[in-house]
Each structure stands twice: as structure tokens, then as C-alpha cells.
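Reading through the C-alpha cells given below for one structure.
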Amino acid sequence: MKADYKEILQSKTVGIAGAGGLGSNCAIALARVGIGKLVICDFDTVTEGNLNRQYYFFDQIGYPKVVAIKANISKVNPYVTVEIHHLKLNADLIPSVFKECDVIVEAFDLAEMKKMICETVLSEMPEKFLISGMGLGGWGNNNLIKTHNYGKLFICGDLQTEVSEEYPPLAPRVGIVANMQANLVLQLLIKQEYGN
């Protein structure tokens with residue numbers, strides 16, 4: 001008899017590179033559905049400017065994002081194991097930090113960091129699924145936000161509307177893409193077990 005999805009998810013580990021708008025919201029979504037373990041890495045601290053789209057609270061301003069998101073996850077689902085790394089990832093660290101993860105979620109702000117993790121995971125960890133977010137600035141245009149698949153790499157977003165002064169990162173579109181990433185994590189992990 002096949003295990004149900006809850007049992008499957010409880011046995012899985014997901015890595016999240018970045019704990020900003022995409023990473024914090026994706027982490028909370030995965031905690032709500034009962035993922036077994038999250039490995040979250042970010043070097044930054046919570047600022048007031050983050051609160052328009054990131055899963056933090058006013059009284060957490062100044063805290064390292066990884067410390068704050070771990071605390072928030074524990075309020076949502078205290079049964080999720082959360083391993084945090086308060087550091088800036090580079091190509092040398094990625095394989096060791098995320099080696100036990102079944103899926104890795106890319107949740108960086110900067111294009112060069114996105115490129116770096118994509119290149120590193122695809123070349124050094126080719127067996128891993130990688131889910132990236134690209135094209136989530138501004139507002140509206142829901143129907144342009146899609147999932148694009150390139151082998152083990154998946155990109156959620158519209159691939160066009162990058163964050164800028166004209167198209168700032170705001171909660172609705174950032175949240176849509178973060179939840180698409182979380183939903184795709186579930187699809188990949190459950191498909192591994194069920195085969196469909």
C-alpha cells in the first residue's frame with residue numbers, strides 16, 4: 001500500500017537558498033503542509049522595507065532572517081525540523097549546505113546569485129531538482145506567471161518582469177511565485193513516490 005502524501009512529505013528535506021520574499025513565503029507554505037525538514041540559508045537581516053512582501057513581523061526587524069523565519073515556522077508547525085545557515089552562499093558552499101536535500105529552491109534577489117546557484121547545482125549536483133523564481137516584479141498580469149521546465153531546472157514566474165524601481169517586489173506577485181515554487185516541490189516529491 002502506498003503511503004499518503006503526509007507520510008511522504010514528512011520524510012523529505014527541502015533546501016531554500018534565500019529567506020526573503022520568495023524564500024520566507026515558500027518556507028511557510030512547506031511548513032503548513034508538513035514537510036519533514038527545511039534547510040534555509042541567508043546572510044541578511046530583517047528590515048522594515050522587507051515587511052511589504054516577506055513573512056516577518058515588525059518586532060523582528062534587526063534579527064537575522066534565518067533566525068526569524070525559524071521562529072515563525074515553529075509557530076506554524078513545530079514538528080518541522082529547521083536547519084539554518086546565517087551566511088552568504090557561494091559556489092563552494094552550495095554542495096555541502098544542500099547535500100541532503102531532495103529539492104532545492106532558489107530564492108535570491110540578485111541575478112548574479114541566481115545564475116551562480118543554477119550553474120552550481122546543475123553542474124555539481126545534477127541529480128537534484130532546482131526550482132528558481134524569475135519575473136515577479138510589479139503587479140497584475142496573473143496569466144503571464146507560469147512554470148517553465150528545463151530538465152531538472154524549473155523556473156516559476158513570467159521571465160520578463162524583473163524587480164526594478166518601476167516594478168517593485170510586492171506581496172501579491174511575490175507570494176504567487178513563492179507558492180508556485182512550494183506547490184512544485186510537492187508535485188516533484190509526491191511524484192517520486194507515486195510515479196504520476
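The values are calculated or read from the model by the stated rules, or taken from the named source; none is laboratory data. All figures in this text were calculated on a predicted structure; none of them were measured in a lab. Ideal geometry is used to build each Cβ from the backbone, glycine not excepted, and the neighbour counts take in all protein chains shown.
A few remarks follow.
- Any hit, region 46-67, residues being under 24 Å from L188 (Cβ atoms), touching a residue at least 12 places away in the same chain (Cβ under 8 Å) and basic (K, R): no
- Out of A29, A19, A68, sole residue that is under 17 Å from the mean Cα position of the chain (by Cα) and not in a helix (DSSP H, G or I): A19
Rundown of residues vs (1) of a type in the set (V, I, T); (2) modelled with pLDDT under 90, yes/no style:
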| position | (1), (2) |
| --- | --- |
| T147 | yes, no |
| C156 | no, no |
| L170 | no, yes |
| R173 | no, no |
| A178 | no, no |
| N183 | no, no |
| L186 | no, no |
| K191 | no, yes |
| Y194 | no, yes |
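- Residue within region 44-53 that is hydrophobic (A, V, I, L, M, F, W, C) and either assigned to a helix (DSSP H, G or I) or on the phi > 0 side of the Ramachandran plot (or both) present: yes
- Any hit, region 71-89, residues being β-branched (V, I, T), closer than 22 Å to F154 by Cα and buried (at least 20 other Cβ atoms within 10 Å of the Cβ): no
- Of all residues in region 147-190 being charged (D, E, K, R) and over 16 Å from E106 (Cα atoms), the one that is surrounded by the fewest Cβ atoms within 10 Å (Cβ to Cβ): E165
- Taken over region 110-140, the criterion of being out of contact with any Pro (no Cβ under 8 Å at 6 or more places or on another chain) and assigned to a loop (DSSP other than H, G, I, E, B) is satisfied by L110, P126, E127, K128, M134, G135, G140.
- Test set (1) within 14 Å of the chain's Cα centre (by Cα); (2) farther than 21 Å from L188 by Cα; (3) part of a helix (DSSP H, G or I) - S96 fails condition number: (1)
- In a residue-by-residue description of region 92-107, the property of being farther than 19 Å from Q54 by Cα, among the polar types (S, T, N, Q) and modelled with pLDDT of 95 or more applies to at least one position.
- Scanning region 112-134 for residues that are over 16 Å from P95 (Cβ atoms), among the aliphatic types (A, V, I, L, M) and modelled with pLDDT of 95 or more gives a single hit, I131.
- Residue match in region 120-141 (condition: buried (at least 16 other Cβ atoms within 10 Å of the Cβ), of a type outside the set (G, A, S), within 17 Å of G23 (Cα to Cα) and without any contact (Cβ under 8 Å) to a residue 24 or more places away in the chain): no
- The one condition in (1) part of a loop (DSSP other than H, G, I, E, B); (2) of a type outside the set (F, W, Y); (3) under 30 Å from E165 (Cα atoms); (4) touching a residue at least 60 places away in the same chain (Cβ under 8 Å) that C101 fails to fulfil: (3)
- Which numbered condition S96 fails, given (1) more than 21 Å from I28 (Cβ to Cβ); (2) touching a helix residue (DSSP H, G or I) at 6+ places or on another chain (Cβ under 8 Å): (2)
- Residue list for region 1-30, restricted to those being over 20 Å from C156 (Cα atoms) and of a type outside the set (S, T, N, Q): M1, K2, A3, D4, Y5, K6, E7, I8, L9, K12
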